[in-house]
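Please read the structure below before turning to the comments.
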Amino acid sequence: MNFFVEAYHKNPNFNENAVALSFDDGPAESTLEILEILDRYNAKAAFFCIGRNIEKHPEIFKEIIDRGHIVGNHTFSHTRKMGFLSSKTIQQEIEQCDTIAKQIGGVDLNLFRPPFGIINPKTKRALEKTGHKVIGWNIRPYDAITKSPEKIIQRITKDLNKGDLILLHDNMPKTSVILEQLLVILKQRKLRTVRPDKLFNIHAYN
């Protein structure tokens, strides 16, 4: 991802013993249970939302913000053709998501996570126009394609270090089970959770 644009992945020099949590592809009905679990453990996170899903679940989108989490741009449609889109179409995808987030949540999004992590010269040109900061990750447990929660937990915690940024998906029911186990393990390891904007000392909104 850093080949074409500067992206934020991790911060091993962070001044706290903490990691950051992020969720992609919501908001969805399953997001509500994730919000409950995060509240129970006093944990904050970032949610990179798809514009189409914000339209579908406006109240859940607002609930994410109201509970002290941050939201970011994950394009309007999250198309599987992302790698083949023109820079103009990518720009439209980003701006359409921005518009919906502003209309529904009253937030002016500054952070962008590309679907599937795809960054190419066309995405770079689009981002030069929109001005978003790119947020990646460095802990990806492939939870979207792995059935076993135990295997996902193991992938996250195996080499987890201070300053890492974890990627999960809030549009899947199994994520709540994974999250609760993960937060217990983090507590045992005396690792706090912080929002990615705190981890990188950047602004979530313009």
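Its residues counted as N, the stretch 1-50 yields a C-alpha radius of gyration over 2.2 N^0.38 Å of 1.42. Rounded to the nearest Hz, the phi-derived 3J(HN,Hα) couplings of the stretch 137-145 under the Karplus curve 6.51 cos²θ - 1.76 cosθ + 1.60 (θ = phi - 60°) are 5, 10, 10, 10, x, 6, 5, 6, 10, where x marks glycine and proline.
By the helix-only formula, in which each DSSP H run with n ≥ 4 contributes -39500 (n - 2.57) and the sum is divided by residues, the chain has a 222 nm mean residue ellipticity of -12000 deg cm²/dmol. Here is the list for the stretch 114-206: chymotrypsin sites (Phe, Trp or Tyr not before Pro) lying in DSSP coil, each with at most 11 other C-beta atoms within 10 angstrom of its C-beta, are Y142. Of the trypsin sites (Lys or Arg not before Pro) in the stretch 1-94, the ones in a loop by DSSP (not H, G, I, E or B) with at most 12 other beta carbons within 10 Å are R80, K81. Around the amide H of D170, modelled in the peptide plane, lie the amide H atoms of D24, G26, all under 5 Å away and 5 or more residues distant in sequence or on another chain. Only one residue of V19, T75, F61 has its Cα farthest out toward the positive end of the dipole of the stretch 9-92, where Lys and Arg carry +1 and Asp and Glu -1 on Cβ, and that residue is T75.
Counting only aspartates and glutamates at least 8 places from K124 when in the same chain, those with an alpha carbon closer than 12 Å to its own are E6.
Using a 10 Å Cβ count of at most 15 others and DSSP loop calls, identify the longest part of the chain lacking such GluC sites (Glu not before Pro).
Working: sites that count: E6, E16, E29.
Longest gap between qualifying sites, sites excluded: 30-206.
Just add up the charged neighbours of A20: K/R +1, D/E -1, any other residue whose Cβ is under 12 Å from the Cβ of A20.
Details: positive: K10, K44, K162, R192, R195, K198; negative: E16, D164, D197.
Summing Lys/Arg as +1 and Asp/Glu as -1 gives +3.
Using C-alpha pairs under 8 Å with a sequence gap of at least 6, the mean separation divided by the residue count of the chain gives a relative contact order of 36 percent. Of the trypsin sites (Lys or Arg not before Pro) found in the stretch 147-195, those in coil by DSSP whose Cβ has at most 15 other Cβ atoms within 10 Å are K147, K158, R189, K190. Charge tally for L191 (other residues, Cβ to Cβ under 12 Å; Lys, Arg +1; Asp, Glu -1): +3. Where [x] 47, 36, 32; [y] 46, 41, 31; [z] 49, 41, 27 are the candidate values, the label of the one calculated here for Cα extents along the principal axes in Å is [x]. Rounded to whole numbers, the Karplus 3J(HN,Hα) couplings from phi for the stretch 13-29 are 8, 4, 7, 10, 7, 8, 10, 10, 10, 9, 10, 10, 5, x, x, 9, 4 Hz, using 6.51 cos²θ - 1.76 cosθ + 1.60 with θ = phi - 60°, and x at Gly and Pro. Quarter the surface of the alpha carbon convex hull of the stretch 70-141 and you get the mean projected area, 5.0 square nanometres. The magnitude of the dipole of the stretch 125-206, with charges of +1 and -1 set on the Cβ of Lys/Arg and Asp/Glu and taken from the Cα centre, is near 180 debye. Proximity of backbone amide H atoms, modeled 1.01 Å from N, is registered between I135 and Y8, F112, R113 at under 5 Å, excluding neighbours fewer than 5 places apart on the same chain.
So what's the stretch 134-206 giving for Rg/Rh, alpha carbon basis, Kirkwood Rh from the mean inverse pair distance? Kindly include the intermediate steps, with their values, before the conclusion.
Numbers: Rg = 12.8 Å, Rh = 13.2 Å.
Ratio of gyration radius to Kirkwood radius: 0.97.
Ellipsoid semi-axes for the stretch 79-192, based on the Cα gyration tensor and the rule √(5λ), read 31, 16, 14 Å when sorted largest first. Under a GNM of the chain (C-alpha, springs under 10 Å), which listed residue has the highest mean-square fluctuation: L21, L109, L85? The residue that fluctuates most here is L85.
Charged side chains reduced to their Cβ positions (Lys and Arg at +1, Asp and Glu at -1) give the chain a dipole of some 660 debye around its Cα centre.
Read-outs throughout are calculated quantities, based only on the coordinates presented, and are distinct from any laboratory measurement. Every value quoted in this text rests on a predicted model; they were computed, and no experiment measured them. Heads up, the Cβs are rebuilt from the backbone with ideal geometry, glycines too, and the neighbour counts pull from every protein chain shown.
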